[in-house]
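*Asks:* Pasting a structure here, questions to come.
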Amino acid sequence: MSTQNNPHTNRKALSDRRWLILARPLIIIIALIATWQLLVIVTGAPKYMLPPPADVWHTLIARHAVLFDHAKYTIAETVIGLFAGAALGTLAAIPMALFSPVRFWLMPILLVSQAIPFFALAPLLVLWLGFGLASKIAMAALIIFFPVTVAFFDGLSRTETGWLDLARTMGASRWRLLTHIRLPAALPAFASGFRVATAVAPIGAVIGEWVGSSHGLGYLMLHANARVQIDMVFACLLILCAFSITQYFIVDRVLRAALPWQPDSLKPVR
Amino acid sequence: MRSTEHAPQMAQDNPTRFDIALRAARVAFNGVDIFHDLDLTLQAGSFTCLLGPSGVGKSTLLRYFAGLVEGDVSGTITCSDNIALTGRVAYMAQQDLLLPWRSVLENVVLGAVLRHEKPDYEKASHLLTEVGLRDAANLRPAELSGGMKQRAALARTLMEDRPVVLMDEPFSALDPLNRLRLQELAAQVLRGKTVLLVTHDPLEALRLGDRVHVLTGSPTQLQDAITPKGQSPRNIADPEILAQQAELLGQLGAERSEGAA
């Protein structure tokens, strides 16, 4: 139901909130950096184990060309993997929801695929698909596939029964029922799965790079680690973090904008 | 909220002309008969109400007519014009069943969209005006009040333009004033159609129904119809209606109140 607050208190709350929306990430970042610095001081860890924030910042600036060159690869692998995995998940979920034989055969295979630790698959994928982008995209897509499939399948199999009854009395065709009721009704569930997938997608790409590659932040981290350039490792991690968070927020925003009718009890007052 | 001043004077141009006879109907869930050997005739163009306590099977009986009951089912439905009933009913439930991603207007034309037909938006707008939702056509269901949602559902039901309308407690989630307004509206716009309405409210049944059946017991038995006089929507303050309400409550198993006996 719509909120019916007093418009004046509403406007005041809104301006307060806007200030907080801008300030909150800054406060969090500053707090995290301060904790990091405090940890360096308290533990007295040497620079080759835990570099202070200032050193990492310096490396970020000084080596930005190298860092961004490698980041390009990781970002491309993650984004392509995300869409490939989501597309595969969608292609699996729809027939599973529509045809019970498909469901009975595919579900065990899906579960088996998740029982294999994907870390163990990485060397095989590199062996089969090579050192290039393909093996990392496959890795990211594999990780993403499962949450998207399960969430979307779940959404598709929970269509409000009243809508199905109504559609039946209206003489709906099976295809129209799918495209006009079951699919849209399952989109919020798909969006949940896609959000989870967005958060885990970079993991797949980085693991793939660790196992075998000549580009990417994972590759760079591995080599910097071997040469005890820990500030470089941290710089890579920071870029990965920044990318993951940015990607998540873009996806979240797009999904919200695409599904404005979705019930959301946490939605802030606009 | 709109009042019924804007309500339609919708004369039914094509009243329903066939009776529907349900014979030897039986429905069982998990081996237990909800009802068996049940006969019910819906007379052409008349408003039949099924009244009964929760869980007695009145919704199941209505869904039987809609062809929505699956599993352990037997019995026959025949129409006096010898055409099958399938595809000639419109269904309206207690929940509005509006799709939250479609606007009110797009919800009203849903049937045509689902059947791959060209939606008649002009007729849909006209019907929305008739149920008092002209200004809400482009809103999403979440922006409507409970009464407005049920009006939209009524417009969607009318849009189907079927000779038979099955309504499963369509007004029970509304506040009393809205319920009265919607009953009035339904009585006007559904005149001439064969209507089966399920309700647990005796006054609603007497206000709208030409024939009111009480369902009781397990397996469910159908009591003989009570036939309130006059044209619906009837005045609920009418002493005769109040007496019949007492009679219905008696059939439902309540103690007869002293004044009405």
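*Asks:* Let me confirm one metric for peptide B:97-103, namely the mean number of other chain beta-carbon atoms within 10 Å of its residues' beta-carbons.
*Replies:* Taking all residues of B:97-103 together, the mean is 6.
*Asks:* Rounded to the nearest 20 debye, what is the charge dipole size of chain B about its Cα centre when +1 sits on each Lys and Arg Cβ and -1 on each Asp and Glu Cβ?
*Replies:* 500
*Asks:* Let me ask something else. How would you classify chain B from its alpha-carbon gyration tensor, with a ≥ b ≥ c the square roots of the eigenvalues: rounded for a/c under 1.5, else prolate if a/b is greater than b/c, otherwise oblate?
*Replies:* oblate
*Asks:* Convert 37 °C to kelvin, take the viscosity as 0.692 mPa s, use the Kirkwood radius over C-alpha pairs of the protein assembly as shown as Rh, and evaluate the Stokes-Einstein diffusion coefficient in µm²/s, rounded to a whole number. The partial results should precede the final answer.
*Replies:* Values: Rh = 28.1 Å.
Approximately 117 µm²/s, per Stokes-Einstein.
*Asks:* Can you tell me the orientation of helix A:230-258 relative to chain A, as the angle in degrees between its alpha-carbon axis and the longest Cα principal axis, to the nearest 10?
*Replies:* Compared with the principal axis, the helix lies near 20 degrees.
*Asks:* What ranking do B:Lys149, B:Lys123 get, fewest neighbouring Cβ atoms within 10 angstrom at the top?
*Replies:* Least to most surrounded, the residues fall as B:Lys123, B:Lys149.
*Asks:* What would the Debye formula give as log10 I(q)/I(0) at q = 0.10 Å⁻¹ for the alpha-carbon point model of chain A, no solvent?
*Replies:* The computed values of log10 I(q)/I(0) come out as -0.71.
*Asks:* Kirkwood Rh over alpha-carbon pairs of segment B:1-149, then Stokes-Einstein at 25 °C and 0.890 mPa s: what D in µm² s⁻¹, rounded to an integer?
*Replies:* Diffusion coefficient, whole number: 135 µm²/s.
*Asks:* Neighbour counts of other C-beta atoms within 10 Å: give me B:Phe65, A:Phe99, A:Phe83 arranged from fewest to most.
*Replies:* Lowest to highest Cβ neighbour count: A:Phe99, A:Phe83, B:Phe65.
*Asks:* How tilted is helix A:133-156 with respect to the longest principal axis of chain A? Cα atoms for both, answer in degrees (0 to 90, nearest 10).
*Replies:* Tilt of helix A:133-156: around 40 degrees.
*Asks:* Exposure proxy check: B:Glu106, B:Glu204 ranked by fewest other beta carbons within 10 Å? Let's see the in-between values first.
*Replies:* Numbers: B:Glu106 19, B:Glu204 23.
By the 10 Å Cβ count, ascending: B:Glu106, B:Glu204.
*Asks:* Give the total of Lys-Lys pairs in the protein assembly as shown with Cα-Cα distances below 27 Å; include a pair only if its members are 8 or more places apart or on different chains.
*Replies:* 12
*Asks:* Let me ask something else. By DSSP, what percent of the beta bridges with both residues in the protein assembly as shown are antiparallel, rounded to the nearest 5?
*Replies:* Antiparallel bridges make up about 50 percent of those DSSP assigns within the protein assembly as shown.
*Asks:* Enumerate the helices in chain B for which the Kyte-Doolittle hydropathy averages -0.5 or more and the C-alpha atoms extend at least 15 Å along the helix's axis, using complete DSSP H runs.
*Replies:* Correct list, ordered by number: B:146-159, B:176-189, B:239-251.
*Asks:* So, one more: Take peptide A:115-122, look around each residue's Cβ out to 10 angstrom, count Cβ atoms belonging to other protein chains, and average those counts.
*Replies:* 0
*Asks:* Among A:Arg168, A:Arg227, A:Arg103, which one shows the highest mean-square fluctuation when chain A is modelled as a Gaussian network with alpha-carbon springs under 10 Å?
*Replies:* Maximum fluctuation in the GNM of chain A, among the listed residues, is at A:Arg168.
*Asks:* May I ask for log10 I(q)/I(0) of segment B:96-171 at q = 0.16, 0.18, 0.19, 0.24 Å⁻¹, from a Debye sum over the Cα atoms as equal point scatterers with solvent left out?
*Replies:* After summing over all Cα pairs, the log10 values are -0.50, -0.64, -0.71, -1.15.
*Asks:* Nearest 10 degrees is fine. How inclined is helix A:53-62 to the longest principal axis of chain A, computing both from alpha carbons?
*Replies:* 90
*Asks:* Related question: Normalised by the residues of chain B, what does the relative contact order come to in percent, with Cα pairs under 8 Å and at least six apart?
*Replies:* With pairs under 8 Å counted, the relative contact order is 27 percent.
Quick note: the coordinates plus some simple rules give every number you see, no bench work behind them. Since the structure is predicted, the reported quantities are computational estimates derived from the model, not experimental observations. Reconstructed Cβ throughout: ideal geometry from the backbone, glycine too, with neighbour counts over all protein chains shown.
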